[in-house]
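See structure below.
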Amino acid sequence: MKSKILVCQGISCKSRGGDNIFNEGENALGDSKDKLEITRCNCMGNCGNGPNVAEETRDKTTIHDFMNTEKIINLIKKILHATK
Ligand code: FES
């Protein structure tokens, strides 16, 4: 199973930059979409710690809170590096 990054687009996370985080993440992914998927998602119920991003792998889901564009770029680089 390909890993997946879900970027929350609920009202709270979006108002804190969720849209930009998704766009920067998609740019960082570039032509590696066969290795990792990035998608938007609805509220994860963790609004107070947003913007939130979930990382889904075969065996677990990890929530990364207080996200920003720099952090998502680093997260994607880390995942892509690990799947080489
Ligand atoms: S809006 Fe993102 S967790 Fe609720």
Magnitude of the charge dipole, the stretch 3-82, Cβ model with Lys/Arg +1 and Asp/Glu -1, debye to 20: 100 debye
Crossing angle, helix 18-29 versus the chain [Cα axis fit, 0-90 degrees, rounded to tens]: 10 degrees
Paramagnetic reach from residue 4 in the stretch 47-68 [backbone N under 14 Å; point 7 Å along Cα→Cβ]: 54-62
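Among the GluC sites (Glu not before Pro) in the chain, which ones are in a DSSP loop with at most 12 other Cβ atoms within 10 Å of the Cβ? Mind listing them? Display every interim value, and only then the final one.
Working: sites: 24, 26, 37, 55, 56, 70; in loops: none.
Nothing satisfies the criteria.
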Per the chain, cysteines lacking a partner by the 4.7 Å Cβ criterion: 41, 43, 47
Modelled FRET efficiency - R0 41 Å, residue 15 with residue 80, Cβ distances, 0.05 increments: 0.90
Helix 69-82 axis, angle to the chain major axis (alpha carbon atoms, nearest 10°): 30 degrees
Value of Rg to Rh for the chain (Rh from inverse mean 1/r over Cα pairs, i.e. Kirkwood): 0.94
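Each reported figure results from applying straightforward, stated rules to the coordinates on display, with no laboratory input. A quick note: this is a predicted structure, and the numbers were derived from the prediction, not measured. In this analysis, Cβ positions are derived from the backbone assuming ideal geometry, glycine residues included, and neighbour counts consider all displayed protein chains.
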